[in-house]
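Participant: Please find one structure pasted underneath; my questions will follow.
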Amino acid sequence: IQKLTKFLTYFDKCQKDILLDFDEASNNTRIIPLNNDFQIKFHKPTGSDKFRLGSQLAKYESGHSTTLPDFNRVSTIIELFGKNKSILFTSDAIRTNFKELKLASSLNLGQAPHHGSQMNLYENFWAHVPKNENTPIVFSVGYNLRDKKKKKKTVRFFKEKGFDVFSTNCVFGVN
(Lines give C-alpha, C1' and ligand atoms only; values in the text may rest on other atoms or scores of the structure.)
Protein backbone atom coordinates (compact mmCIF):
# COMPACT_ATOMS: atom_id res chain seq x y z
CA ILE A 1 0.00 0.00 0.00
CA GLN A 2 2.86 2.39 0.76
CA LYS A 3 4.24 1.81 -2.75
CA LEU A 4 0.82 2.56 -4.24
CA THR A 5 0.54 5.74 -2.17
CA LYS A 6 4.00 6.82 -3.34
CA PHE A 7 3.00 6.04 -6.92
CA LEU A 8 -0.15 8.18 -6.68
CA THR A 9 1.89 11.03 -5.21
CA TYR A 10 4.45 10.66 -8.00
CA PHE A 11 1.65 10.42 -10.60
CA ASP A 12 0.14 13.66 -9.30
CA LYS A 13 3.53 15.41 -9.35
CA CYS A 14 4.20 14.25 -12.92
CA GLN A 15 0.86 15.57 -14.08
CA LYS A 16 1.65 18.97 -12.60
CA ASP A 17 5.19 18.91 -13.99
CA ILE A 18 4.01 18.38 -17.57
CA LEU A 19 0.88 20.50 -17.20
CA LEU A 20 -1.67 17.73 -17.65
CA ASP A 21 -3.87 19.42 -15.09
CA PHE A 22 -7.64 19.52 -15.27
CA ASP A 23 -9.82 22.57 -14.81
CA GLU A 24 -12.39 21.18 -12.37
CA ALA A 25 -14.28 24.46 -12.11
CA SER A 26 -15.29 24.49 -15.76
CA ASN A 27 -15.10 20.69 -16.16
CA ASN A 28 -12.76 21.16 -19.12
CA THR A 29 -9.90 18.83 -19.79
CA ARG A 30 -6.42 19.78 -20.84
CA ILE A 31 -5.85 19.99 -24.59
CA ILE A 32 -2.33 20.11 -25.96
CA PRO A 33 -1.75 21.06 -29.60
CA LEU A 34 0.73 18.76 -31.36
CA ASN A 35 0.90 20.64 -34.66
CA ASN A 36 -1.47 22.48 -37.00
CA ASP A 37 -3.47 19.30 -37.64
CA PHE A 38 -3.63 17.33 -34.38
CA GLN A 39 -4.23 17.82 -30.67
CA ILE A 40 -4.31 15.56 -27.60
CA LYS A 41 -7.19 15.78 -25.18
CA PHE A 42 -6.81 14.24 -21.72
CA HIS A 43 -10.33 13.24 -20.63
CA LYS A 44 -9.43 11.17 -17.55
CA PRO A 45 -8.40 11.05 -14.79
CA THR A 46 -9.62 14.30 -13.31
CA GLY A 47 -8.51 15.77 -10.02
CA SER A 48 -11.72 14.59 -8.39
CA ASP A 49 -11.08 11.03 -9.65
CA LYS A 50 -7.69 11.06 -7.94
CA PHE A 51 -9.15 12.62 -4.78
CA ARG A 52 -11.84 9.91 -4.53
CA LEU A 53 -9.24 7.20 -5.00
CA GLY A 54 -7.00 8.79 -2.38
CA SER A 55 -9.89 8.97 0.08
CA GLN A 56 -10.73 5.30 -0.48
CA LEU A 57 -7.08 4.35 -0.07
CA ALA A 58 -6.84 6.29 3.20
CA LYS A 59 -9.92 4.48 4.56
CA TYR A 60 -8.43 1.14 3.55
CA GLU A 61 -5.02 1.91 5.09
CA SER A 62 -6.60 3.15 8.34
CA GLY A 63 -8.73 0.02 8.66
CA HIS A 64 -12.05 1.86 8.17
CA SER A 65 -12.64 -0.16 5.00
CA THR A 66 -11.77 -3.72 4.06
CA THR A 67 -12.13 -3.04 0.35
CA LEU A 68 -9.02 -2.17 -1.62
CA PRO A 69 -9.81 0.79 -3.92
CA ASP A 70 -10.17 0.28 -7.66
CA PHE A 71 -7.01 1.81 -9.11
CA ASN A 72 -8.56 1.68 -12.57
CA ARG A 73 -10.49 4.80 -11.47
CA VAL A 74 -7.40 6.78 -12.47
CA SER A 75 -6.82 4.99 -15.78
CA THR A 76 -6.30 7.37 -18.63
CA ILE A 77 -8.72 8.17 -21.41
CA ILE A 78 -6.84 10.08 -24.07
CA GLU A 79 -8.11 11.33 -27.42
CA LEU A 80 -5.87 12.21 -30.34
CA PHE A 81 -7.93 14.34 -32.70
CA GLY A 82 -7.80 16.56 -35.74
CA LYS A 83 -10.20 17.82 -38.37
CA ASN A 84 -13.01 15.23 -38.49
CA LYS A 85 -10.66 12.56 -37.07
CA SER A 86 -10.39 11.04 -33.63
CA ILE A 87 -8.55 8.13 -32.01
CA LEU A 88 -9.56 7.11 -28.50
CA PHE A 89 -7.18 5.32 -26.09
CA THR A 90 -9.06 3.95 -23.09
CA SER A 91 -6.51 1.86 -21.14
CA ASP A 92 -8.23 0.13 -18.18
CA ALA A 93 -10.87 2.83 -17.71
CA ILE A 94 -13.90 1.90 -15.67
CA ARG A 95 -17.45 2.05 -17.00
CA THR A 96 -18.44 5.22 -15.13
CA ASN A 97 -15.60 7.19 -16.74
CA PHE A 98 -17.51 7.09 -20.04
CA LYS A 99 -20.83 8.48 -18.74
CA GLU A 100 -20.13 12.12 -19.57
CA LEU A 101 -17.38 11.63 -22.14
CA LYS A 102 -17.74 13.76 -25.29
CA LEU A 103 -15.30 13.36 -28.15
CA ALA A 104 -13.90 16.36 -29.98
CA SER A 105 -14.47 14.73 -33.37
CA SER A 106 -15.98 11.68 -35.05
CA LEU A 107 -14.31 8.43 -33.95
CA ASN A 108 -11.97 6.80 -36.50
CA LEU A 109 -10.28 4.26 -34.22
CA GLY A 110 -11.02 3.13 -30.68
CA GLN A 111 -9.56 0.89 -28.01
CA ALA A 112 -11.99 -1.35 -26.13
CA PRO A 113 -11.62 -0.55 -22.42
CA HIS A 114 -9.82 -2.98 -20.10
CA HIS A 115 -9.05 -5.71 -22.63
CA GLY A 116 -12.72 -5.87 -23.61
CA SER A 117 -14.05 -6.66 -20.16
CA GLN A 118 -17.85 -6.50 -20.06
CA MET A 119 -17.54 -4.91 -16.60
CA ASN A 120 -15.80 -1.87 -18.15
CA LEU A 121 -18.08 -1.48 -21.16
CA TYR A 122 -20.44 1.50 -20.95
CA GLU A 123 -22.75 0.51 -23.79
CA ASN A 124 -24.57 3.84 -23.98
CA PHE A 125 -21.35 5.69 -24.86
CA TRP A 126 -20.19 3.22 -27.51
CA ALA A 127 -23.68 2.82 -29.04
CA HIS A 128 -24.06 6.56 -29.59
CA VAL A 129 -20.51 7.79 -30.20
CA PRO A 130 -20.28 9.63 -33.54
CA LYS A 131 -18.13 7.43 -35.77
CA ASN A 132 -17.37 6.51 -39.32
CA GLU A 133 -18.82 3.39 -40.91
CA ASN A 134 -16.84 0.27 -39.91
CA THR A 135 -14.69 2.17 -37.41
CA PRO A 136 -12.03 -0.21 -36.05
CA ILE A 137 -12.16 -1.10 -32.36
CA VAL A 138 -9.03 -2.78 -30.98
CA PHE A 139 -8.89 -5.17 -28.05
CA SER A 140 -5.53 -5.17 -26.29
CA VAL A 141 -4.82 -8.72 -25.10
CA GLY A 142 -1.71 -10.58 -24.03
CA TYR A 143 -0.40 -14.05 -24.82
CA ASN A 144 -1.15 -15.62 -21.43
CA LEU A 145 -4.57 -17.15 -20.97
CA ARG A 146 -5.20 -14.83 -17.99
CA ASP A 147 -4.58 -11.85 -20.31
CA LYS A 148 -7.17 -12.98 -22.83
CA LYS A 149 -10.00 -11.18 -21.11
CA LYS A 150 -11.84 -10.35 -24.28
CA LYS A 151 -15.41 -11.47 -23.88
CA LYS A 152 -17.55 -12.78 -26.72
CA LYS A 153 -20.47 -10.63 -25.55
CA THR A 154 -18.34 -7.48 -25.82
CA VAL A 155 -17.12 -8.46 -29.29
CA ARG A 156 -20.70 -9.14 -30.37
CA PHE A 157 -21.81 -5.76 -28.98
CA PHE A 158 -19.18 -3.85 -30.99
CA LYS A 159 -19.95 -5.80 -34.18
CA GLU A 160 -23.68 -5.13 -33.77
CA LYS A 161 -22.93 -1.40 -33.42
CA GLY A 162 -21.03 -1.37 -36.73
CA PHE A 163 -17.44 -1.52 -35.51
CA ASP A 164 -14.76 -3.64 -37.18
CA VAL A 165 -13.21 -5.71 -34.38
CA PHE A 166 -9.46 -6.30 -34.13
CA SER A 167 -7.20 -7.83 -31.49
CA THR A 168 -3.53 -7.26 -30.71
CA ASN A 169 -3.16 -11.06 -30.62
CA CYS A 170 -5.18 -13.89 -32.14
CA VAL A 171 -7.82 -14.73 -29.54
CA PHE A 172 -10.82 -16.94 -30.15
CA GLY A 173 -10.45 -16.45 -33.91
CA VAL A 174 -10.24 -12.65 -33.85
CA ASN A 175 -7.04 -10.98 -35.13
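The values are calculated or read from the model by the stated rules, or taken from the named source; none is laboratory data. These figures come from a predicted structure and were not determined experimentally. Counting neighbours? That spans all protein chains shown, and the Cβs are built from the backbone with ideal geometry, glycine included. Note: areas computed on protein heavy atoms with side chains; ligands, DNA, RNA excluded. Shrake-Rupley method; radii C 1.70, N 1.55, O 1.52, S 1.80 Å.
Participant: Kindly indicate whether E100 is closer than 19 Å to F42 by Cα, at pLDDT below 95 and of a type in the set (D, E). Reasoning before the result, please.
Facilitator: Details: closer than 19 Å to F42 by Cα: yes; at pLDDT below 95: yes; of a type in the set (D, E): yes.
Here the answer is yes, as E100 does meet what is asked.
Participant: Hey, does region 132-141 have a residue that's modelled with pLDDT of 90 or more and farther than 30 Å from D37 by Cα? Please lay out each step first, then the result.
Facilitator: First pass over region 132-141, keeping only residues modelled with pLDDT of 90 or more: 135-138.
Next, from what is left, pick out any that are farther than 30 Å from D37 by Cα: none.
There is no residue in region 132-141 that is modelled with pLDDT of 90 or more and farther than 30 Å from D37 by Cα.
Participant: Does L57 count as in a loop (DSSP other than H, G, I, E, B), within 21 Å of N97 (Cα to Cα) and at pLDDT 60 or above?
Facilitator: Numbers: in a loop (DSSP other than H, G, I, E, B): no; within 21 Å of N97 (Cα to Cα): yes; at pLDDT 60 or above: yes.
So L57 does not fit the description; no.
Participant: What is the residue count in region 142-167 for residues that are surrounded by 15 or more Cβ atoms within 10 Å (Cβ to Cβ) and either at pLDDT below 65 or in a loop (DSSP other than H, G, I, E, B) (or both)?
Facilitator: 6
Participant: Taking region 84-113, which residues are in contact with a helix residue (DSSP H, G or I) (Cβ under 6 Å, 6 or more places away or on another chain), assigned to a helix (DSSP H, G or I) and closer than 18 Å to L53 by Cα?
Facilitator: R95, F98 - these are the residues of region 84-113 that are in contact with a helix residue (DSSP H, G or I) (Cβ under 6 Å, 6 or more places away or on another chain), assigned to a helix (DSSP H, G or I) and closer than 18 Å to L53 by Cα.
Participant: Now, a different point. Any chance you could count how many residues in region 64-110 are closer than 26 Å to N36 by Cα and of a type outside the set (F, W, Y)?
Facilitator: If we filter region 64-110 for residues that are closer than 26 Å to N36 by Cα, which is where we start, we get 76-90, 101-110.
Remaining after also requiring of a type outside the set (F, W, Y): 76-80, 82-88, 90, 101-110.
The total comes to 23.
Participant: Filtering region 70-83 down to residues that are assigned to a loop (DSSP other than H, G, I, E, B) and under 22 Å from V141 (Cβ atoms), which residue is least open to solvent (accessible area, probe 1.4 Å)? Full working, then the answer.
Facilitator: In the first step, residues of region 70-83 are kept if they are assigned to a loop (DSSP other than H, G, I, E, B); the result is 70, 75-76, 83.
Narrowing further to those that are under 22 Å from V141 (Cβ atoms): 70, 75-76.
Details: D70: 69, S75: 17, T76: 50 Å².
This residue is S75.
Participant: With surrounded by 14 or more Cβ atoms within 10 Å (Cβ to Cβ) and within 17 Å of V138 (Cα to Cα) as the only criterion, which of S86, S105 stands out?
Facilitator: Details: S105 fails: within 17 Å of V138 (Cα to Cα).
Checking each option against the conditions leaves just S86.
Participant: Then there is this: Which condition breaks for Q2 when tested against (1) open to solvent by less than 50 Å² (accessible area, probe 1.4 Å); (2) modelled with pLDDT under 90?
Facilitator: (1)
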